[in-house]
Structures are given as structure tokens and as C-alpha cells.
Amino acid sequence: MKKIEAVIRPSRLEGVKTALSDFGISGITITQVVGCGLQKGQTEFYRGNPIHINLLPKIKLEIVVKAEQAEDVIKIIIENAKTGKVGDGKIFIQDISGAIRIRTGEKDRDAL
Ligand SMILES: Nc1ncnc2c1ncn2[C@@H]1O[C@H](COP(=O)(O)OP(=O)(O)OP(=O)(O)O)[C@@H](O)[C@H]1O
Ligand SMILES: [Mg+2]
């Protein structure tokens, strides 16, 4: 199993969601976040504490899939999230060692 975590533009959420749903993805966690990348990484200090400026609203998607689905899911996200301009976002991929469906006790791939 793999977890695909993607930070995308809010304006791209609907397109990405629709394409993932058409692909057959059912489980997804979506969070409204703020963040910065290369362009907005300045940090200022206020009374010794770092204050991050220019944080931009983004959407974070978390999707856990069977390992063999990961490449397709990544491709779908890129196709639907890309504008070609700075700030398009980023995708992080992690190995997932376990999953459990609480209702049934099903484990791992059967729990997705
Ligand atoms: N290394 C990182 N770790 C965690 N989150 C990140 C990282 N880089 C980017 N992000 C998240 O992704 C969002 C979008 O990043 P962004 O697309 O601006 O990346 P970038 O590296 O600046 O690339 P670009 O030059 O294309 O803008 C950020 O607001 C932040 O939430
Ligand atoms: Mg950037």
C-alpha cells in the first residue's frame, strides 16, 4: 500500500476529485491547509519566534491505495492539477504498513 499526499491549488480540487472518482478511488481525505514553497519561504522573527509570512491557502489530499494503483493516481493528479505556473503544488509518496476497516476488522488491502 502507498499513501499519496498531494498539495494542490484549491481551484483544481473539483477537477482532481472528479478524475479520481472516475478512476474508481473511493477513500480520500481532504484538508484545507496553508503552506509555502520555493517562492514564499521567508521567515521573520517576532520576539525570537519564527513567523512564517505569505502562507497561501492550498488543499491537501491524502489517498491510500494498493501499490499498483499509485502510478495511475499520481498521473491523474498531475494531469488535473497542473497549470505550469509556480505554486501548482507537490506530491509526496509514502509506504503504508497497515490499514484496518474499523467496522469489519478487515485488514490492509481489503480495508481500502
Ligand atoms: N518540501 C515541502 N514539504 C511540505 N510541503 C511542501 C513542500 N514544498 C511545498 N509544499 C506544499 O506545497 C504547496 C505548494 O508548493 P509549490 O507548488 O509552491 O512548491 P515550489 O517548490 O515552490 O514549486 P514551484 O516553483 O512550482 O512553485 C506549498 O504551499 C506547501 O503547502
Ligand atoms: Mg512555489
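The values are calculated or read from the model by the stated rules, or taken from the named source; none is laboratory data. This structure is a prediction, so every number in the text was calculated from the model and none was measured. Methodologically, a virtual Cβ is constructed for each residue, glycine included, from the backbone with ideal geometry; neighbour enumeration extends over all protein chains shown. For accessibility, only protein heavy atoms count, side chains too; no ligands or nucleic acids. Shrake-Rupley method; radii C 1.70, N 1.55, O 1.52, S 1.80 Å.
May I ask you to give the solvent-accessible area per residue for segment 4-98, in square angstrom, as obtained with a 1.4 angstrom probe?
66
Where does each of 23-30, 100-107 land if you order them by average Cβ count within 10 Å, highest first?
23-30, 100-107
Please give the FRET efficiency for Asp110 paired with Ser21, using the beta carbon to beta carbon distance and R0 = 25 Å, rounded to the nearest 0.05.
0.75
Note on Lys85: lysines with a C-alpha under 27 Å away, same-chain residues under 8 apart excluded, are Lys3, Lys17, Lys40, Lys58, Lys60, Lys75. Label-to-label distance, Arg103 versus Lys75, with points set 7 angstrom from Cα along the beta-carbon direction: 3.2 nm. The apolar share of the surface of segment 2-111, taken as the fraction of accessible area on carbon and sulfur atoms (1.4 Å probe, ligands and nucleic acids excluded), comes to 51 percent. Between the listed residues Leu13, Val73, Ile28, the Cα displaced farthest toward the positive end of the dipole of the chain, a dipole computed from Cβ unit charges relative to the Cα centre, is found at Leu13.
Placing +1 on the Cβ of every Lys and Arg and -1 on the Cβ of every Asp and Glu, with no other charges, gives the chain a dipole of roughly 360 debye about its Cα centre. The listed residues Val34, Val64, once ranked by accessible area (1.4 Å probe) with the largest placed first, stand as Val34, Val64. Counting charges near Ile91 (Lys, Arg +1; Asp, Glu -1) among other residues having Cβ under 14 Å from its Cβ returns a value of +3.
Restricting the calculation to Cα atoms, every distinct pair contributes to the Kirkwood radius of the chain, found to be 15.5 Å.
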